[in-house]
Structures are given as structure tokens and as C-alpha cells.
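Structure first, commentary second.
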Amino acid sequence: MAKYSMNRWASNEAQVCKDGACYEVDASSITPTWRAVQWDGTSGWAELCDGTDYDVNTGEQAISAESELSALATAWQTAYDAEQAAAAAAAAAAEEETPA
């Protein structure tokens, strides 16, 4: 199972890591009261906030299933896919510029 972590600094801005690969993501779809998340592949927790001040921890919530992280996983995958597409486009452009 994948390991995830998240650190949020605004309602729509966060860093999400999956198995050590980290991306800044649009966090709009992630539970607004989650300010940080740790998931070790089998269990985890979220640090909570009031949904507006991401510097103040208001408690913790246990996470018992990876399915609870679906929005977080989707945000990471979207950022990963964008990076891969950009790399492929850059490689294709470089290849076109190289004389045969």
C-alpha cells in the first residue's frame, strides 16, 4: 500500500507526498479541516484545523482506510500526470530540434 503525507497552507494549496514523491497540489477537493495528514500504508491520522487557519491545530482524527484519502490521492495523481506530460512534451520538442 502507498504511504501518503500532506501539509496544507491554504484552502487550495498543499504539498502531497506519495511514497516520498512530493507535489504542490490544488487542495480544493481535500477535506477543508485537514491541515496535515500521515498515512503509513495501513493506518494514519489527520491534524485538524477550523478550515480557515491552517497554522492552528484543533485536534486529530484517526484515518483507518486508504479510501478516506481518495481526494488526496487524486490531487497527487493529477500533479504527477501533469509533470509526466510536461516531461514527455519537452523530450519530444528536444528530439525535433536534434538534427538527424
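Of note:
- Restricting the stretch 1-12 to residues that are open to solvent by 50 Å² or more (accessible area, probe 1.4 Å) and touching an Asp or Glu at 6+ places or on another chain (Cβ under 7 Å), the residue that is modelled with the lowest pLDDT: MET1
- Strands (runs of 3 or more DSSP E) (entirely within the stretch 1-60) containing at least 2 residues that are more than 11 Å from the chain's Cα centre (by Cα) and not acidic (Asp, Glu): 4-10, 34-39, 44-48
- Residue under evaluation ALA88, criteria (1) farther than 18 Å from GLN15 by Cα; (2) open to solvent by 40 Å² or more (accessible area, probe 1.4 Å); (3) touching a helix residue (DSSP H, G or I) at 6+ places or on another chain (Cβ under 8 Å), criterion not met: (3)
Listed here are the residues, each with its yes/no results for (1) in contact with a strand residue (DSSP E or B) (Cβ under 9 Å, 6 or more places away or on another chain); (2) touching a residue at least 60 places away in the same chain (Cβ under 8 Å).
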| residue | (1), (2) |
| --- | --- |
| TYR4 | yes, yes |
| ALA10 | no, no |
| ASP19 | yes, no |
| TYR23 | yes, yes |
| ALA27 | yes, no |
| THR52 | no, no |
| GLY59 | yes, no |
| SER70 | no, no |
| THR78 | yes, no |
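The values are calculated or read from the model by the stated rules, or taken from the named source; none is laboratory data. All values reported here derive from a predicted model rather than from experimental measurement. Note that we place each Cβ from the backbone using ideal geometry, even for glycine, and neighbour counts take in every protein chain shown. Each accessible area value is taken on the protein alone, full model and side chains, heavy atoms only, with ligands, DNA and RNA left out. Shrake-Rupley method; radii C 1.70, N 1.55, O 1.52, S 1.80 Å.
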